[in-house]
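Structure first, then comments.
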Amino acid sequence: MDPKTLVEYIVKALVDKPESVSLHTVEGEKTTIIELRVDNDDIGKVIGKQGRIARSIRTILSAVASKSGKRINLEIID
Amino acid sequence: MKVIEKYGKTEDEALSLALKEAGMAREDNYTYEVSQKEGRSGFLGLGGGKNLGVKLFVYEEEEQKIVDKIKEFFKVMDISIDDVRINKREDDRVFISLQTPDMGTLIGRRGKTLESIQFILSLIINKSLEKNIYIILDAGNYREKRVKTLENLAKNIASRVRKYKKPFILEPMNSYDRRIIHSTLQDEEDIQTQSIGDRVYKKVKIMLKR
């Protein structure tokens, strides 16, 4: 499983402007950082009330990451 | 969603009868399960032998789309799912059951992963169907077991509150779990419950009635 593909799939399904979604991966030794950028109007759609959407995406990521033994950090950049 | 149950001597015969009633063909897209391997063999032995039951699940177009979306999601997530089935439909609430060899990953600690997947899937499905549907996911019989666990927890804590005459605050829970705690204890005459906090995950306080 490629975590970037998973994040891309989820985020593009949630936002109004999927064409503005961009992802950048930084591979570390133990951690993979995924930087996510979306259109300004879509920020709320990936964060959610009290951060609920972002938290859920992170939970799903950590579930799939635990199989590979690497941590995944999702950073939403605005 | 329609569920058609038919009986026959063999699985094949029962399935054919069910498909006929649904007006469907073998090669159509459908889900079915063997509901009864051995039933009663008819009144006074009459009509005996026709004792294998098959349940055919016929989804509406919208429901088929939901099932397809869920399958797609798990494919991207790389979790192999043996079966996705709509179990029940109550207006805008759609109950889905999943079968997977990878139960641990899917459910996660205290159901956290399952809950997150359910939330994200609901958003994805609602956005693509332009509707407001609640997707309720279950894996194996996890939810059923979880309900029993929470009911036991509620009763145990209630006895403790009675014994020590002190309120007890449970750890933060989602609304679904909290509702089980509240409803388990609502008929206890000397106990009352209350959700406290203002986050998504509130805590339930169990205390003596004044």
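The values are calculated or read from the model by the stated rules, or taken from the named source; none is laboratory data. Just so you know, these numbers come straight off a predicted model, no measurement behind them. Glycine gets a Cβ as well: all are built from the backbone with ideal geometry, and neighbour counts include every protein chain shown. Remember, those area values only see protein heavy atoms, side chains included, never the ligands or the DNA or RNA. Shrake-Rupley method; radii C 1.70, N 1.55, O 1.52, S 1.80 Å.
Scanning segment A:32-55 for residues that are part of a strand (DSSP E or B) and out of contact with any Lys or Arg (no Cβ under 9 Å at 6 or more places or on another chain) returns A:Ile33, A:Glu35, A:Leu36, A:Arg37.
Using the structure shown, decide if A:Ile76 is more than 14 Å from chain B (Cβ to nearest Cβ) and in contact with a Pro (Cβ under 9 Å, 6 or more places away or on another chain).
On the way: more than 14 Å from chain B (Cβ to nearest Cβ): yes; in contact with a Pro (Cβ under 9 Å, 6 or more places away or on another chain): no.
No; evaluated as a whole, the condition is false for this residue.
Against the list (1) part of a loop (DSSP other than H, G, I, E, B); (2) open to solvent by less than 20 Å² (accessible area, probe 1.4 Å), the condition A:Glu29 fails is (2).
Number of residues in segment A:56-78 that are open to solvent by less than 80 Å² (accessible area, probe 1.4 Å) and in a helix (DSSP H, G or I): the value is 9. When B:Ser159 is tested against the conditions (1) under 27 Å from the mean Cα position of the chain (by Cα); (2) without any contact (Cβ under 8 Å) to a residue 24 or more places away in the chain; (3) open to solvent by less than 60 Å² (accessible area, probe 1.4 Å), the lone failure is (1). Just so you know, in segment B:71-97 the residues that are facing chain A (nearest Cβ under 8 Å) and open to solvent by 10 Å² or more (accessible area, probe 1.4 Å) include one that is farthest from B:Arg143 (Cα to Cα), and it is B:Val76.
If you go through segment B:176-210 and pick out every residue that is within 14 Å of another protein chain (Cβ to nearest Cβ) and modelled with pLDDT of 95 or more, you end up with 0. Out of A:Ile47, A:Ile43, A:Ile53, one residue alone is open to solvent by less than 40 Å² (accessible area, probe 1.4 Å), more than 8 Å from every other protein chain (Cβ to nearest Cβ) and without any contact (Cβ under 8 Å) to a residue 40 or more places away in the chain. It is A:Ile43.
Between A:Thr25, A:Thr31, A:Thr5, A:Thr59, which is within 29 Å of B:Gly197 (Cβ to Cβ) and either more than 14 Å from chain B (Cβ to nearest Cβ) or of a type in the set (Val, Ile, Thr) (or both)? I'd like the intermediate steps shown before the answer.
On the way: A:Thr25 fails: within 29 Å of B:Gly197 (Cβ to Cβ); A:Thr31 fails: within 29 Å of B:Gly197 (Cβ to Cβ); A:Thr5 fails: within 29 Å of B:Gly197 (Cβ to Cβ).
That would be A:Thr59, the only listed residue that is within 29 Å of B:Gly197 (Cβ to Cβ) and either more than 14 Å from chain B (Cβ to nearest Cβ) or of a type in the set (Val, Ile, Thr) (or both).
Of the residues making up segment B:98-145, those that are open to solvent by 20 Å² or more (accessible area, probe 1.4 Å), farther than 18 Å from A:Gly48 by Cβ and not in a helix (DSSP H, G or I) are B:Gln99, B:Pro101, B:Asp102, B:Gly108, B:Glu130, B:Lys131, B:Ile136, B:Asp138, B:Gly140, B:Asn141.
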